1. Using a 10 Å cut-off on Cβ atoms, rank the peptides 438-445, 375-382 from the highest mean neighbour count down.
2. Given H placed on each backbone N at 1.01 Å, which residues far from Val158 in sequence or on other chains put an amide H within less than 5 Å of it?
3. Using r as the Cβ-Cβ distance of Ser333 and Lys29, and R0 as 51 Å, what FRET efficiency do you calculate, to the nearest 0.05?
4. Quote to one decimal, in nm, the extra length available between Ala168 and Ala146 on full extension: 0.36 nm per residue of separation minus the C-alpha distance between them.
5. Modelled label-to-label distance, Ala119 and Glu153, 7 Å Cα→beta-carbon offset: nm?
6. Using a 7 Å offset from the Cα along the Cα-to-Cβ direction at both Arg442 and Ala48, what is the distance between the two label points in nm, to one decimal?
7. So which DSSP H runs in the chain come out at 15 Å plus along the axis (Cα) with average Kyte-Doolittle of at least 0.0?
8. Kindly identify the stretch 91-230 as rounded, prolate or oblate by the Cα gyration tensor criterion: order the square roots of the eigenvalues as a ≥ b ≥ c, call it rounded if a/c is under 1.5, otherwise compare a/b with b/c, prolate if a/b is larger, else oblate.
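No lab work stands behind these numbers, since they all come straight from the coordinates. Bear in mind the structure is a predicted one, so any value in this text is a computation, not a measurement. Neighbour counts are summed over all protein chains in view; Cβ atoms, including those assigned to glycine, are modelled from backbone coordinates with ideal geometry.
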Amino acid sequence: MAHVDVRGASPASVAADVLALPLFEEEVKAGGGALGELDARLGGHLLAAIRAEAFAGKAETTLTLPTLGKLPAGRVLLVGLGSSGRLGSAEALRVAAGVAARAGARAGAKLLAIVVPPALELGPAVRAATEGALLGAYRFDRYLSAKKPARPEKLWVVVPRGQERTAAAREEAGLGAAVAQAVAWARDLVNEPPMVCTPSHLARAAQEVAKETGLKVEVRGPREIAALRMGMFQGVTRGSAEEPRLVKLSWLPRGAAGKKAPLVLVGKAITFDSGGLSLKPTESMVTMNSDMAGSAAVMATMKVVARLEPAFPVHAVFGACENMPGGRAYKPSDVLRAYNGKTVQVTNTDAEGRLVLGDVLAWAADTLAPAGMVDVATLTGACVVALGNGIVGAMGPDGPVIDGVLAAARRSGEELWRLPLHESVRDNLKSDVADMKNSGERWGSALSAGLFLQEFTGGVPWAHLDIAGPSHTGKERGYWSKGGTGVPVRTLVELVRGWKA
């Protein structure tokens, strides 16, 4: 992770290996401001290159020009922000900063400087530039014999002179670096092969977070899970040789604040999902090491929560296991009894995440008395069909939790879209032999999965985030690298920051 510093300077005076100048399309057309100043110092060659290369400032496009000693910076990198009305300006800058970081790495830059557009609000822009650059520079290469080019060692976020000393600039840069570090940590967990990232590995990761941050952690094994009568959780884990773990990672403020009703974050933690006896095809299994991305996200959020020190308790909980087709595996037509006493007929062993989540939600609602709960899960392919690979599906009854999540997503720049929990879809869950079944017809199946989870929330205000699409990507774009993305850590951090206890 590069060292971050906020520098107050004019772009033309910055001595960096690569000086990145993010530009909206309208700024490229106008040719003034910092662009005009740099062009003048370069003898008109910068605008000439823009014309020759037809650089128009479209989102994620770049143009690089060596300065040949005419500027303190070795190279000028223009990065397109797109139209100023295309999307939130802070998010556009975050994307551009990610592109700049990768371009800087390819150029072998040790020091990358990114200029914050002066028209943007200072604090959010500094944070966006910091997050975008650090996340754009991320890579998971620990198993590669031939390493990729080194990432920049230093990041300068350049603001107008004098503004570098403001609290907004310093605090937002620090928060942006902390969030980016947490997201990168979540990406590392998601990208690990399933032979490494087992349920016990996830539990150890939580213990390491607790040791590093001073958070409290509790880890329960198979006997304790059985004693809690989590029948759905136990059913899913039966086919695997890996033992399950039930984990709780907690921020508990001192004094009266510690007695407030907590906010609880629940993550899906299936460390490998073969589909069980309802076996997935091979091509669908390749990325199933990422089926624990929800647990990685809630744990990573807790790393930032420890820094924020909110005046109310926050817990991250997850039940970790594998879903495998062993000789003791649970079977279609089995009936499982949940922690809250409800019975569930299994119709598809590949609808396992909701079973584990249901038990963990019911246990958290019963034992922690939360003010609100949010679960994060790579739950349904149907949500990907509905929203694509880049958008989180958000569900939940009207109230402070779903409202808080949607508002937090807008502040963070992550894409969420609310889907309805419509009663007409509940028929998908009707069973003739049990209180409900775990899967029904495919139509509306993302919604019926949400309705299934709602049965285990105990009436606690709750929201469900289906991250099956954006938890993992096969394309490098913006500040996303191939593999795990760390979605929705940024949204959860903003939820905690804005939560009214």
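1. 375-382, 438-445
2. Here the answer is Arg7, Ile114, Val115, Val116, since their amide H atoms fall under 5 Å of that of Val158.
3. 0.20
4. 3.8 nm
5. 3.7
6. The modelled label-to-label distance comes out at 5.9 nm.
7. Span-like helices in the chain: 89-106, 122-136, 167-191, 293-308, 353-368, 400-412.
8. oblate
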